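Laboratory data are not the source of any read-out in this text; all were calculated from the coordinates shown. Predicted model, so just to flag it, every value in this text is computed and none were measured. For neighbour counting, all protein chains shown are included, and Cβ atoms are generated from backbone atoms with ideal geometry for every residue, glycine included.
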C-alpha cells in the first residue's frame with residue numbers, strides 16, 4: 001500500500017504543476033479593478049518584439065522536492081541510508097519539479113515600447129499580438145500597465 005501512496009503523491013504533484021496555466025491578458029481584470037480609476041495616456045508603438053515569459057512560482061520545485069524526499073527515504077536499509085536517500089531525493093526531485101514547471105508554464109508574449117508626449121518611453125509586456133509599430137494606442141497606467149487600441 002505504501003508504494004501506491006507514493007505513486008499517487010507523485011502523480012498529484014505532476015498534475016499540480018502541469019495544470020497551472022497562468023492567465024496573462026489585457027482583457028482580464030482582478031476584482032480590485034472594480035469601481036476604481038486609472039490614468040490612461042495616448043501613445044504610439046515605436047518597437048515590438050517577441051519575448052518569452054517564465055512565470056515559475058516555485059510550486060514545481062517544492063512538490064518535486066517533497067516527492068523526491070519521500071521516495072528517497074525508503075530506498076535504504078538503515079536509518080542512515082534512508083536519511084541520505086531523502087536528501088538526495090529532495091534535491092533531485094526539486095530540480096526535476098522546477099524544470100517541469102518551467103517548461104509547462106512559459107508564455108509567448110510581446111514587448112512593446114511606446115512613446116508618449118506625457119510619459120516619454122514606456123515598455124509594456126503582454127500577450128496580445130494585435131499592435132504594430134506606428135499604431136496609436138492607449139496605455140492604461142498602474143501596477144500592471146496595459147496597451148489597448150485607441151479609438152477609430
Pair residue 36, residue 74: separation of 7 Å Cα→Cβ label points (nm): 4.7 nm
Cut-off 14 Å, label 7 Å out along Cα→Cβ of residue 28, residues of the range 118-152 by amide N: 126-128
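For residue 88 and residue 119, calculate 0.36 nm times their separation in residues minus their Cα-Cα distance, and state this gained length in nm to one decimal. Walk me through the numbers on the way to the answer.
On the way: separation 31, 0.36 × 31 = 11.16 nm, distance 5.20 nm.
Extra length available between residue 88 and residue 119 comes to 6.0 nm.
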